[in-house]
Amino acid sequence: MFNKLLVPAFVSVALAASAQAADKTLTFSHWAGPKHAMATKVYPWLNEQLTECTGGSLTVKLENGLAPPPAQYDTVRDGVADLGWIVHGYTKGKFLTTKMIELPGLPGNAEELSVAFQTTHEKYFADAKEAKGVEVLSHFVHGPGVVNTSKEITSYKDLEGMKIRVGGGVANDVGKALGVAGVNMPAPAVYEAISSGVADGVFFPLETLYSFKINELTKYSFKNPDGMYTTSFALVLNEDTYSDLSDDQRACVDKIRGVEMSRQIGKFWDEADAVGADESSKTGSVVIEASDEERAYFKEKTAGIESTILKEVSSRGVDAEAALEFLKSQLPQE
């Protein structure tokens, strides 16, 4: 006969096991080094938000080196990691709508551009369903891209023929329009490329001068106040991981995703730009602002890029003209 005295103990053990099984730690794949804002700011913020919202049942753990940067999308989609941040331009041909936020001449900082990007995605791009097997938690961008070189650049004409790392996406089109000898490689490989002479400089935002130690090799940053280019990213969560969460855990994820997550990540990237500029100035690096003449030259040389990107975005069944008009309406106005 079953011992009734064992029932309370049995139930307690079962409930404890059930509670324990409900706890989940999400593996966050990171590839950009320990000083990068995605590791120092975004990951801690995300862990704090989910831990607090779920009462500790859902946490996040940072994992470095799970895969090279171009493989991050597959790493999350295939479940090697639960979470990760991807560069759309590293996955050639898959993401086209995301190129719109990378267009030259878009004003704003990372926060402003990231919010506009996410808002435009939700209104125009989401139905294209370019990301498969993942939940896209937010879209965002880095701060305004600049040209970082070891020798002083005071004109875009100085870049003609120079070996410059351009990084993928619309940045490639910008580099081609300016006549650079484009060199493509993931961001973590740039330091070695410049130090070994494979590249003479790099299209990068100011935050990389510190986070990737680029200021050790490049002392000059040529900046266009009108916006030269930016790079589009997404924070993605494995679809099965999302489905396997409890209702309460999913509700906590849903609470922080979308526009407000894009806004927060953008803020972190803007802060990182400020750190990059400040730390680099201490070692003698300088930021040179393009003159009105140079800004006009850049606009002329890159004028054809917009129509090309609009055709690519339209190929995904999107009203690209309307989307671009909406996107620009979300950005700072002159």
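The values are calculated or read from the model by the stated rules, or taken from the named source; none is laboratory data. Just so it is clear, the model here is predicted, and its values are computed rather than measured. Cβ coordinates were reconstructed from backbone atoms using ideal geometry, including for glycine residues, and neighbour counts include every protein chain displayed.
Please find, within the stretch 211-251, the residue that is farthest from Val134 (Cα to Cα) out of those that are among the small types (Gly, Ala, Ser) and crowded, with 23+ Cβ neighbours inside 10 Å.
Going through the stretch 211-251, the residues among the small types (Gly, Ala, Ser) turn out to be 211, 221, 227, 232, 234, 243, 246, 251.
So of that shortlist, the ones also crowded, with 23+ Cβ neighbours inside 10 Å come out as 211, 221, 232, 234.
Values: Ser211: 28, Ser221: 36, Ser232: 17, Ala234: 11 Å.
Looking at the filtered set, the residue picked out is Ser221.
Taking the condition of being in contact with a helix residue (DSSP H, G or I) (Cβ under 6 Å, 6 or more places away or on another chain) and either surrounded by fewer than 19 Cβ atoms within 10 Å (Cβ to Cβ) or farther than 13 Å from His30 by Cβ (or both), how many residues in the stretch 70-86 meet it?
Number satisfying all stated conditions: 1.
In the stretch 27-70, how many residues are more than 25 Å from Pro186 (Cα to Cα) and either touching a residue at least 60 places away in the same chain (Cβ under 8 Å) or assigned to a loop (DSSP other than H, G, I, E, B) (or both)?
9
Considering only the stretch 215-226, I want to know if a residue exists there that is among the polar types (S, T, N, Q), outside the structural domain of Phe95 (by TED's automatic domain parsing) and in contact with a strand residue (DSSP E or B) (Cβ under 7 Å, 6 or more places away or on another chain). Quick ask: steps written out before the conclusion?
Let us first name the residues in the stretch 215-226 that are among the polar types (S, T, N, Q), namely 215, 218, 221, 224.
Still in the list and also outside the structural domain of Phe95 (by TED's automatic domain parsing): 215, 218, 221, 224.
From the residues that got through so far, the ones that are in contact with a strand residue (DSSP E or B) (Cβ under 7 Å, 6 or more places away or on another chain) too are 218, 221.
Yes, some residue in the stretch 215-226 is among the polar types (S, T, N, Q), outside the structural domain of Phe95 (by TED's automatic domain parsing) and in contact with a strand residue (DSSP E or B) (Cβ under 7 Å, 6 or more places away or on another chain).
Going through the stretch 282-302 one residue at a time, which ones are farther than 17 Å from Ala177 by Cα and among the basic types (Lys, Arg)?
The answer is Lys282, and nothing else.
Scan the stretch 147-160 and tell me whether some residue there is of a type in the set (A, V, I, L, M), at pLDDT below 95 and in the same structural domain as Lys311 (by TED's automatic domain parsing).
Narrowing the stretch 147-160 to residues of a type in the set (A, V, I, L, M): 147, 153, 159.
So of that shortlist, the ones also at pLDDT below 95 come out as 153.
Narrowing the set further to residues that are in the same structural domain as Lys311 (by TED's automatic domain parsing) leaves 153.
Yes, some residue in the stretch 147-160 is of a type in the set (A, V, I, L, M), at pLDDT below 95 and in the same structural domain as Lys311 (by TED's automatic domain parsing).
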